[in-house]
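Colleague: After the structure tokens below, expect a handful of questions from me.
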Protein chains: 2
Amino acid sequence: MNNIPESLGTAVNVQAMVFGNFSDDSGSGVAFTRNPSTGEKLFFGEVLFNAAGEDVVAGIRTPESIEALQARMPEVYQQLFDTQAMLEKHYRDMQDIEFTIQEGRFFILQTRSGKRTGRASIKIAVDMVKEKLITEKEALLRVSPEHVEAFLHPMVDPEAKQDLVATGLPASPGGATGAVVFSAEEAVEETAAGKKVILVRRETTPEDIHGMKVAQGILTELGGMTSHAAVVARGMGVCAITGCNKLTIDYSAGTATTDSGHVIKRGDIITIDGIAGEVMLGDIPKIMASSSDDFQILLSWADKYRKLQVRANAETPEDAAKAIELGAEGIGLCRTEHMFFAADRIDIMRGMILSENRTEREGYLEKLEQFQHDDFLALFRIMDGKPITIRLLDPPLHEFLPHSPEDIKLLSDHIGKPVSMIEAAVSDLQEVNPMLGLRGCRLSVVHPEITEMQVRAIMSAAIAATEEGCHPLPEIMIPLVVNVREIRMISEIIDRGIHSVMKEKTLSIRYKIGTMMETPRACLGADRLAADVEFMSFGTNDLTQMTYGFSRDDAGKFIPAYLTNKLIEMDPFVSLDQRAIGKLMKMAIKDSSKKKKGIKYGICGEHGGDPRSIKYCHKLGLDYVSCSPFRIPVARIAAAQANVEEA
Amino acid sequence: MNNIPESLGTAVNVQAMVFGNFSDDSGSGVAFTRNPSTGEKLFFGEVLFNAAGEDVVAGIRTPESIEALQARMPEVYQQLFDTQAMLEKHYRDMQDIEFTIQEGRFFILQTRSGKRTGRASIKIAVDMVKEKLITEKEALLRVSPEHVEAFLHPMVDPEAKQDLVATGLPASPGGATGAVVFSAEEAVEETAAGKKVILVRRETTPEDIHGMKVAQGILTELGGMTSHAAVVARGMGVCAITGCNKLTIDYSAGTATTDSGHVIKRGDIITIDGIAGEVMLGDIPKIMASSSDDFQILLSWADKYRKLQVRANAETPEDAAKAIELGAEGIGLCRTEHMFFAADRIDIMRGMILSENRTEREGYLEKLEQFQHDDFLALFRIMDGKPITIRLLDPPLHEFLPHSPEDIKLLSDHIGKPVSMIEAAVSDLQEVNPMLGLRGCRLSVVHPEITEMQVRAIMSAAIAATEEGCHPLPEIMIPLVVNVREIRMISEIIDRGIHSVMKEKTLSIRYKIGTMMETPRACLGADRLAADVEFMSFGTNDLTQMTYGFSRDDAGKFIPAYLTNKLIEMDPFVSLDQRAIGKLMKMAIKDSSKKKKGIKYGICGEHGGDPRSIKYCHKLGLDYVSCSPFRIPVARIAAAQANVEEA
């Protein structure tokens, strides 16, 4: 759990025995120099008279509060109190102390840095700086980045947990309660009717976004920590459990049956805990670890001591605003395709895909361009003066098409094309391995008109923003590149798009062109890409998928067996594989920076929000990490820790 | 077509003009020192009197045979004859000569090595060695490996071609004629009824094997040069065209409609040319470039001068026998899953997959073990004394399950499980990206009992073969490895399997354990794999898929655009990408051989049969290449050329 290798072993102390169960003026206890739950600077402990330490730990007898010791043996209490103060001062950290009293004589058995909640760790760290016990840098190292994240979400009250019926992967933190719905449509309807819902699906796809957006939480039977549901939920800051394969979902019956045979029906109230991955029946109370001044102080120190820039993965104005609020220094990944899934746009996108000739397609592209223009303009306003890395259309086109007969019928009515034609197109675009198919910059090669439209939208929005007095900094990012010729061909398409907009306007806009580094081939041949790009952003999700041959959507079926059999130490989608993926990144940076100085390097996969991975990115010398808005504080802390640890 | 880069340009000679169209004692002509079609050592040419060279080339007037010159201007003819003999001797190769006669005076305009058919190239090379004009090594360099391959198959007579209705990718060479069928079942039925058939499918899957086996040729709408249809067809030596996307297939109507609207119906006779990728209506005559003594002589020289071993990819006794006949030195890739698709086995395999408990599964595994035992025993007999590299079960299990309602019903009747249960299993095993899913050694991790069964079958067969006096050399190959821990875990499973067989027998059998190198991660971490393997076999099909992020099954949709736009010079599935895949291979060899001496390196992807790739493998220092039996002569020649060229 804490990534401590088994092989390290554990040390053993041998010391003389003392007896707390010798007499009534004997006893044992545990004390903390500060409150480990809240962090308050308040000596805190428990004691059991005429008892050994084991009795305290075993919980057979209920210990008394430390005040009982003060009342009964004031001298011993004073010894304990003085000692704890000295120990904390000596170790310069909150101490967890075990003590024993044998016939009125006081012994310290053990002292160590005390375990604490996230909230306490932050308060203690900040307080100790105020007390001049530790430096700001040390304070930063006292906080675990995971603690920081939990800090940002409401949590299921651990004291109140009950009726646990299933567990899955803790895909997105926080706790949520709602009525079970089995489709995005239901989620939207029920929410509109004033209900809070938990969206339960076998897995989610981009077509579910509108339902995921309104749900309190998301629960899926399939998928791992980086499945669509997990990534989107973390991005939205919505709590989620994925890979809950103890649950059998039957859409038509509207039921989810647990391993033990309990049937959860549509409309049942459940609570999900995205930190523990637990599904519970009923409404379990939540507690709010709200943001505090201490937290803001700590983050300000993090910004002072970190080198890595922190950007956000964001497309919507809401996410962008959230990102700014949480301290983002720009957008490192704006996934333009997310802009096409909204209800008022998806059919235009579909019409474009299904167009039978150039004129028809251009009609749809014009409409899409207007939408994208507005979207980008909104982002440029929010990110005024901060860079926005905009990735060109990435997913395979079939992801946009409807699949169920009802949806196909609806689309047919809407865009006036026969059902048979739509069915044929759906089947024609189908792919065996969509992950390795016609997507990324391959779309630009096959459909340059889409890229040109996107570039026009970006640049016309940048011009409009500039005219309003904003300072847009667009960075156009080409996805899924395997060689430099793709970049050159697409740069020409980009130039065409830019010139067709510039002709109409006189402002000149500064922009950059760069590439995602997400195929092993791009990394292996980075020296050849260098001359044609201004930035390289490692897309370590796809890079991991391809380097391992692990599909994110399918690996849930074997990664658990890999972890159980200790074939891998960590899920490589959760924490960057420094050995192989790191080797590719190192090669890419070394080979490309040799060819050209000044290339900016970043990372924009899910790893950009993982503390271990962020520290590794610092070591690699990246310029920035980009992550979900909700992970930005985590990234700021981790980046600072990396730099402090290095020094 | 010949892999000559455009950038090379072309040289231009400037020379004095002479006129063949000056008078009746003037003329122009072309001559070959030997027959370019048959290779016969017979001076051969054409002449046009009172005509310029352009007239000969343009084909407006029909030239006369060179004998006409001999009759009309015997002195000039003698000059030409003497000159051609001198030129051939000087250049030590068959010459293609252009000449002009101006008012009775003879001029040579140009001489160059003449283009020739495969048949001619072999005959000329062997003859010239007999004539002591060139050495054996030179003779080897005079033959193009592609020529060698065409030599092995019947071809559509180029003179007879007509009624071309569609073109696709030349996936497997040769020519074939038959009645169109649209399913493997039809193919089997019609063949049983005495008809010859061409199997026409959108794409093929392992379930179509029985139909592909009996078809004269295979034609698919989808898929590239390394799609299932292409790979299997080449393996079988059956002619095939893939990616023929000018054809729209309607299974229910039993029609394939061409771009121009021609409808090919079930039962129509068509001819396909797997060398040109052309589909023609009717029965077009074929010519047979049968094997010749010259060819055998040339191959014997190839064996004398090559360093690379040549092995075959083979599973069936027929393929293994063919491989031996064509000169294989062992089997480099025995895909055990192919043994499970036969009609009498597939339902046992399916029963095993669908087993609900250990006892049930073990029952099926026992039956499968008996089949595999028999298969391996047959192979060990044929490959007596030669190594057989046996790959453990590789494809995802869903590939074995039926998908159509009818097939599910049949299976349900056969194995006595409810249709709903089979449907649930099919849907449960479904994967988004099967290429990157639960397959390869991941199957061994999740289902060790299958691996153990396979190992028992291999070793018990090896023992039986030894008892018969054969010398089996099994090499067990672990597919899709990403790290050494997989190899260690599976080696333990293998040991278990071996010991459970050995307990019963007393013979000791020498065997090797090795790994496929087919994920980028395996290559990047080869140093860590070295200690635990005796051989490494590069699976460059998958390695290319993952390094590029190109799915073989889907890349047909964009590779043509990549070639047209010159984004890639060659389809990386056809010819090994030396820059990136080569880099990974080089790293793997260097890093692993540093850690342990004596590891054998091989290649067993489709590239193992591609001459350019074979030459590169020689350069990399591999020990062997493995390819379809039908490509073995090609590989022998290419391997020899690589070694001769290097020297």
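Colleague: Among the numbered criteria (1) assigned to a loop (DSSP other than H, G, I, E, B); (2) open to solvent by less than 20 Å² (accessible area, probe 1.4 Å); (3) in contact (Cβ under 8 Å) with a residue 24 or more places away in the chain; (4) within 14 Å of chain B (Cβ to nearest Cβ), which one does A:I568 miss?
Modeller: Status for A:I568: all satisfied but (3).
Colleague: Can you tell me which residues in the range B:475-486 are over 12 Å from B:G440 (Cβ atoms) and at the interface with chain A (Cβ under 10 Å from one of its Cβ atoms)?
Modeller: Of everything in the range B:475-486, those that are over 12 Å from B:G440 (Cβ atoms) and at the interface with chain A (Cβ under 10 Å from one of its Cβ atoms) turn out to be B:N483, B:V484, B:R485.
Condition check ((1) more than 24 Å from A:G539 (Cβ to Cβ); (2) touching a residue at least 24 places away in the same chain (Cβ under 8 Å); (3) in contact with a Lys or Arg (Cβ under 8 Å, 6 or more places away or on another chain)) across all residues:
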residue	(1), (2), (3)
A:T359	yes, no, no
A:L365	yes, yes, no
A:L377	yes, yes, no
A:P387	no, yes, yes
A:P405	yes, no, no
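Colleague: OK, next. Considering every residue within the range B:495-511, establish whether at least one is among the aliphatic types (A, V, I, L, M) and within 31 Å of the chain's Cα centre (by Cα).
Modeller: So far as the range B:495-511 goes, no, none of its residues is among the aliphatic types (A, V, I, L, M) and within 31 Å of the chain's Cα centre (by Cα).
Colleague: Does the range A:399-407 contain any residue that is closer than 20 Å to B:F550 by Cα and modelled with pLDDT under 95?
Modeller: Checked against the condition, which is being closer than 20 Å to B:F550 by Cα and modelled with pLDDT under 95, the range A:399-407 yields at least one hit.
Colleague: Something else about it: Output the helices (runs of 4 or more DSSP H) that fall wholly within the range B:576-647 and possess 3 or more residues being open to solvent by less than 30 Å² (accessible area, probe 1.4 Å) and within 21 Å of B:L140 (Cβ to Cβ), or say none.
Modeller: Qualifying helices (runs of 4 or more DSSP H): B:611-620, B:632-646.
Colleague: Report yes if A:L393 is more than 28 Å from B:K557 (Cα to Cα) and out of contact with any Lys or Arg (no Cβ under 8 Å at 6 or more places or on another chain), otherwise no.
Modeller: For A:L393, the condition - more than 28 Å from B:K557 (Cα to Cα) and out of contact with any Lys or Arg (no Cβ under 8 Å at 6 or more places or on another chain) - is not met.
Colleague: If you check B:L368 against the conditions, is it outside any loop (DSSP other than H, G, I, E, B), in contact with a Cys (Cβ under 8 Å, 6 or more places away or on another chain) and of a type in the set (A, V, I, L, M)?
Modeller: So B:L368 does not fit the description; no.
Colleague: So, in the range B:457-474, of the ones that are surrounded by fewer than 24 Cβ atoms within 10 Å (Cβ to Cβ) and in contact with a Gly (Cβ under 9 Å, 6 or more places away or on another chain), which residue ends up nearest to the other protein chains (Cβ to nearest Cβ)?
Modeller: The extreme case among them is B:L473.
Colleague: Can you tell me how many residues in the range A:435-455 are more than 10 Å from chain B (Cβ to nearest Cβ) and either without any contact (Cβ under 8 Å) to a residue 40 or more places away in the chain or charged (D, E, K, R) (or both)?
Modeller: 2
Colleague: On to the next question. Can you tell me which residue among B:G39, B:G27 is under 15 Å from B:D96 (Cβ atoms), open to solvent by less than 60 Å² (accessible area, probe 1.4 Å) and among the small types (G, A, S)?
Modeller: Going through B:G39, B:G27 in turn, just one is under 15 Å from B:D96 (Cβ atoms), open to solvent by less than 60 Å² (accessible area, probe 1.4 Å) and among the small types (G, A, S): B:G39.
Colleague: Whether any residue in the range B:516-530 is of a type in the set (S, T, N, Q) and surrounded by fewer than 23 Cβ atoms within 10 Å (Cβ to Cβ) is what I want to check.
Modeller: Looking for residues that are of a type in the set (S, T, N, Q) and surrounded by fewer than 23 Cβ atoms within 10 Å (Cβ to Cβ), one finds none in the range B:516-530, hence no.
Colleague: Here's another thing I want to ask about it. Within the range B:52-97, how many residues turn out to be part of a helix (DSSP H, G or I), closer than 16 Å to B:M128 by Cβ and hydrophobic (A, V, I, L, M, F, W, C)?
Modeller: 3
Colleague: Of A:P418, A:P405, A:P387, A:P395, which residue is more than 14 Å from chain B (Cβ to nearest Cβ) and open to solvent by less than 40 Å² (accessible area, probe 1.4 Å)?
Modeller: A:P387
Colleague: Within the range B:155-169, count every residue that is touching a strand residue (DSSP E or B) at 6+ places or on another chain (Cβ under 7 Å), open to solvent by less than 50 Å² (accessible area, probe 1.4 Å) and either part of a strand (DSSP E or B) or more than 25 Å from B:G609 (Cβ to Cβ) (or both).
Modeller: So the answer is 5.
Colleague: Residues A:K130, A:K89, A:K115: which one is out of contact with any helix residue (DSSP H, G or I) (no Cβ under 6 Å at 6 or more places or on another chain), open to solvent by 30 Å² or more (accessible area, probe 1.4 Å) and more than 30 Å from A:V634 (Cβ to Cβ)?
Modeller: Testing whether each residue is out of contact with any helix residue (DSSP H, G or I) (no Cβ under 6 Å at 6 or more places or on another chain), open to solvent by 30 Å² or more (accessible area, probe 1.4 Å) and more than 30 Å from A:V634 (Cβ to Cβ) leaves just A:K89.
Colleague: Restricting to the range B:377-400, name every residue that is touching a helix residue (DSSP H, G or I) at 6+ places or on another chain (Cβ under 7 Å) and within 13 Å of B:R335 (Cβ to Cβ).
Modeller: Result: B:L379, B:I388, B:I390, B:R391, B:L392, B:L393, B:D394, B:P395, B:E399.
Colleague: Could you list all residues from the range B:493-508 that are open to solvent by 20 Å² or more (accessible area, probe 1.4 Å) and touching a Pro at 6+ places or on another chain (Cβ under 9 Å)?
Modeller: Once the filter is applied, which keeps residues that are open to solvent by 20 Å² or more (accessible area, probe 1.4 Å) and touching a Pro at 6+ places or on another chain (Cβ under 9 Å), the range B:493-508 yields only B:R496.
Colleague: Which condition from (1) farther than 30 Å from B:Q641 by Cβ; (2) touching a strand residue (DSSP E or B) at 6+ places or on another chain (Cβ under 6 Å); (3) not small (G, A, S) is the one that B:E185 breaks?
Modeller: Status for B:E185: all satisfied but (2).
Colleague: Can I ask one more? Applying the selection to the range B:373-412, what residues are in a helix (DSSP H, G or I) and polar (S, T, N, Q)?
Modeller: B:S412, the sole residue that qualifies.
Colleague: So, of the residues in the range B:133-154 that are assigned to a helix (DSSP H, G or I) and aliphatic (A, V, I, L, M), which turns out to be surrounded by the fewest Cβ atoms within 10 Å (Cβ to Cβ)?
Modeller: If we take residues in the range B:133-154 being assigned to a helix (DSSP H, G or I) and aliphatic (A, V, I, L, M), then B:L141 is surrounded by the fewest Cβ atoms within 10 Å (Cβ to Cβ).
Colleague: Here is a list of conditions, (1) within 14 Å of chain A (Cβ to nearest Cβ); (2) open to solvent by 10 Å² or more (accessible area, probe 1.4 Å); (3) free of Cβ contacts under 8 Å to residues at least 40 places away in the same chain; (4) not in a helix (DSSP H, G or I), and B:A561 meets all of them except one; can you say which number that is?
Modeller: Here B:A561 meets the rest and fails (4).
The values are calculated or read from the model by the stated rules, or taken from the named source; none is laboratory data. Computed from a predicted model, the values in this text were never measured in an experiment. We place every Cβ from the backbone using ideal geometry, glycine too, and count neighbours over all the protein chains shown. Heads up: the accessible areas ignore ligands, DNA and RNA and are worked out on the full protein's heavy atoms, side chains in. Shrake-Rupley method; radii C 1.70, N 1.55, O 1.52, S 1.80 Å.
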